[in-house]
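Encoded as C-alpha cells, the structure appears first; notes follow it.
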Amino acid sequence: MEFCNKKMTRDAFNAMREEVLTQWPTGKDLNLEEAIAYQAAIPDAKRFSAKLSKASSERRTLIQPRAGVPVIERHIELLKHLEEFGETDLLPTTIDSYTRLNRYQEAQAGLEESIRLDKAMLNGFPAVNHGVAGCRQVTEAVNTPVQVRHGTPDARLLAEITLAGGFTSFEGGGISYNIPYAKAISIEQTMRDWMYVDRLVGIYEENGISINREPFGPLTGTLVPPCISHAVAVIEALVAAEQGVRDITVGYGQLGNLQQDVAAIQTLETITREYLQKYGYEDVKVTTVFHQWMGGFPADEAKAFGVISWGSAAAAIGHATKVIVKTPHEAVGVPTMQANAAGLRCTKQVISMLCDQSLPQSDTLQLERDMILEETRQILDKCFELGEGDIAVGAVRAFQAGVLDVPFAPSRYNAGKILPARDHHGAVRFLNTGNLPFSDSVKAFHRAKIEERAREEKRDVSFQMVVDDIYAISKGRLVGRPR
C-alpha cells in the first residue's frame, strides 16, 4: 500500500487486521461487531469524549493521573482509590513496558510472577495479555471514563483489545510514540501502524461510537519549544482525522514560564482547529491537555507539591480541558496510590481556586502567542511543501531534512540539531535552530533572547546553559543560573 495521508479502504484494513489479531492469542477471537455493540451500551457518564466536551463548553479543567499495575484486582483497587480519595475526573490505565514493545511473552511472565508474589513485577497493566474480558472487568468496575496511556510505536493489537474492552480514549500517535520512545523504527512505519489505529477508531465513529484520541504532547518532555510539539500535534490530528477520528485532544508539556505556558495551550487549540478546517476536517471536536512538568522533580515531597501546584495553576489559567497530574514521589519512583491521590487533590484545589481567573491581556502574552503561531505555521507549511500537499509524506521528509526536529530524542530518524535553552525570564527559546524553516526575523528573536540572558548572567552563550536548565527545577529553580 502506497504511503500517503489517505483513508484506508475497509479491504486494506481487514487484510492488515488478520495479521494484527494473530500477534497474541487474546486477539484471535475478537469480534468487531460485538465490540461495537458493547461500546454502544456504555453510558455518556463513562465516555471520555462526552466528559471532555462538557468541560470544554463550561471552560472547566478536568484532572487525570497516570496509574497502572499488572494484576486486574490490584489495578481496580488502584483506580477506585483514585476515584474516591483522589477526586479524579478521568482515569488512566498505564500500560507496561513489555507490552509497549510488543513483547507479550515477557509481559505474560511478568504478570504470572506478579500474581505469584502478590507484588507488581511490571510497571503497568498488560492489557493485551488480559484480553477483552480482563479489560472489561476494569472498565466496568469504575464509574469514571478510562483512557489507555502507554508509549507504543505499534499499538494496533493494544487498540483492538482495549477498545473492545470498554476504554473510551486511546493515547499516542505515529510520531509522538516513536521519536521520543524508539531508536531504530522508521517514522513511515509507525505512521502506517497508527493509521490503522485511527482507522479502527474511525470505524467505531461510523457506527455512532465516539472514541477520544490523544496525541502525546510533551514528546521528550525536556525543554521542547511549543512550536515543535504544536507542529507534531497538528500533523497527528490531521492524519487521524483523515482516517475518521472525530474527537481529538491535543497536548502540551509545561515549560514553567507562566505566560509562555498560557500562550502555548491557547494557541494549540487555535492552530489545530485552523489546520483541520483548512484541509476540510470541519466536524472534528478539539480539546486540550496540559501535562504538568515532565522533567526532573525535587526529591523533597513538599517541594514536589510546589512543582505540582505551579503546573496546576498554569493549566487552570490557560483553561486547558484537562491536566495530567504528577505525584510528590516523582523523583523517587513508582508512587503509592496514596501519593498519587495526594497529587490529584492538590491539583484539584488549585484549579478550583483559579477556575474563574485568567491572565490579563498584555503585550508580552500577545507576543508569545504571535511567535508560537508564526513558528508553528512556518514548520507546518514547509511540511506540506515537502510532501507536495500530503502531510504524512511531508512529515517523513521533514524529519529527514531536520525541518521537524525534537530535542533530546533517541530516534536515529531525528536530526537532533536543535538546542533549546531558557531566556532570562525562563521561557524556552532556541539556542540553535538547526534546520528548522524559520524566517530571519524569527531566528533573530531567539538569538536576542538568549543573548540577553547571557549578558545578565555575565557568561557566553553556550551548551552549558542547556545543561543547567535541564537540572534547574530539580534543584529548586526555573532558570539554570551559574552559581
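The values are calculated or read from the model by the stated rules, or taken from the named source; none is laboratory data. In this text the structure is predicted, and so the values were computed from the model without any measurement. Positions of Cβ are generated from backbone atoms using ideal geometry, with glycine treated the same way; all protein chains shown enter the neighbour counts. Areas reflect the complete protein model, heavy atoms only, side chains present, ligands, DNA and RNA absent. Shrake-Rupley method; radii C 1.70, N 1.55, O 1.52, S 1.80 Å.
Couple of notes before you dig in:
- When the stretch 178-210 is filtered for residues that are touching a Pro at 6+ places or on another chain (Cβ under 6 Å), crowded, with 22+ Cβ neighbours inside 10 Å and of a type outside the set (Val, Ile, Thr), the ones remaining, listed by number, are Asn178, Ala182.
- Among the residues of the stretch 288-320, just one is surrounded by fewer than 24 Cβ atoms within 10 Å (Cβ to Cβ) and among the hydroxyl-bearing types (Ser, Thr, Tyr), namely Ser309.
- Any hit, the stretch 328-351, residues being more than 23 Å from the chain's Cα centre (by Cα), under 28 Å from Ala55 (Cα atoms), in a loop (DSSP other than H, G, I, E, B) and of a type in the set (Asp, Glu): no
- Selection of the stretch 187-239 for residues being more than 26 Å from Met294 (Cα to Cα) and of a type in the set (Ser, Thr, Tyr) yields Tyr196, Tyr204, Ser210.
- Any hit, the stretch 82-105, residues being under 29 Å from Ala241 (Cα atoms), open to solvent by 40 Å² or more (accessible area, probe 1.4 Å) and out of contact with any Leu (no Cβ under 9 Å at 6 or more places or on another chain): yes
- Residues being open to solvent by 60 Å² or more (accessible area, probe 1.4 Å) and charged (D, E, K, R) - total across the stretch 127-151: 1
- The number of residues in the stretch 426-476 that are touching a helix residue (DSSP H, G or I) at 6+ places or on another chain (Cβ under 9 Å) and in a loop (DSSP other than H, G, I, E, B) comes to 13.
- Taking first residues from the stretch 78-105 that are more than 30 Å from Arg60 (Cα to Cα) and partners that are of a type in the set (A, V, I, L, M) and open to solvent by 10 Å² or more (accessible area, probe 1.4 Å), the Cβ contacts under 8 Å between residues at least 6 apart in sequence or on separate chains come to Asp96/Leu122; Ser97/Leu122; Tyr98/Leu122.
- Residue in the stretch 154-165 that is farthest from Ala231 (Cα to Cα), counting only those that are open to solvent by less than 10 Å² (accessible area, probe 1.4 Å) and assigned to a loop (DSSP other than H, G, I, E, B): Gly165
- Members of the stretch 1-44 that are among the polar types (S, T, N, Q) and either touching an Asp or Glu at 6+ places or on another chain (Cβ under 7 Å) or farther than 30 Å from Ala141 by Cβ (or both): Asn5, Thr9, Asn14
- Qualifying helices (runs of 4 or more DSSP H) (wholly inside the stretch 35-152; at least 1 residues being more than 26 Å from Thr287 (Cβ to Cβ) and in contact with a Gly (Cβ under 7 Å, 6 or more places away or on another chain)): 72-84, 97-100, 127-141
- Scanning the stretch 1-15 for residues that are under 26 Å from the mean Cα position of the chain (by Cα) and part of a helix (DSSP H, G or I) gives a single hit, Phe13.
- Among the residues of the stretch 457-469, those identified as among the aliphatic types (A, V, I, L, M) and crowded, with 17+ Cβ neighbours inside 10 Å are Met465, Val466.
- Among the residues of the stretch 352-361, the one identified as in a helix (DSSP H, G or I), over 14 Å from Thr88 (Cα atoms) and under 25 Å from the mean Cα position of the chain (by Cα) is Leu354.
- Whichever residue in the stretch 362-418 is hydroxyl-bearing (Ser, Thr, Tyr) and within 21 Å of the chain's Cα centre (by Cα) and, among such residues, is nearest to Gln259 (Cα to Cα): Thr376
- Some residue of the stretch 115-126 being modelled with pLDDT of 95 or more, under 19 Å from Tyr38 (Cα atoms) and crowded, with 22+ Cβ neighbours inside 10 Å: no
- The residues listed here are Val350, Val393; of these, the one that is aliphatic (A, V, I, L, M), open to solvent by less than 70 Å² (accessible area, probe 1.4 Å) and under 21 Å from Ala240 (Cβ atoms) is Val393.
- Residues of the stretch 418-456 satisfying the condition of being touching a residue at least 40 places away in the same chain (Cβ under 8 Å) and open to solvent by 30 Å² or more (accessible area, probe 1.4 Å): Leu419, His424, His425, Pro437, Ser439, Phe445
- If you filter the stretch 321-341 down to residues that are more than 19 Å from Met294 (Cβ to Cβ) and touching a residue at least 12 places away in the same chain (Cβ under 8 Å), you find that the one that is most open to solvent (accessible area, probe 1.4 Å) is Gln338.
- Check on Asp460, within 21 Å of Ser229 (Cα to Cα) and of a type in the set (Asp, Glu): no
- Search result, residues across the stretch 243-265 that are over 16 Å from the mean Cα position of the chain (by Cα) and buried (at least 23 other Cβ atoms within 10 Å of the Cβ): Gln243, Val245, Gly256, Gln260, Val262, Ala263
- Counting only residues that are on the phi < 0 side of the Ramachandran plot and within 21 Å of the chain's Cα centre (by Cα), the stretch 69-103 holds 17 of them.
- Number of positions in the stretch 396-417 that are under 19 Å from Phe3 (Cβ atoms), open to solvent by 40 Å² or more (accessible area, probe 1.4 Å) and touching a Leu at 6+ places or on another chain (Cβ under 9 Å): 3
- Residues being open to solvent by less than 30 Å² (accessible area, probe 1.4 Å) and touching a residue at least 40 places away in the same chain (Cβ under 8 Å) - total across the stretch 367-385: 9
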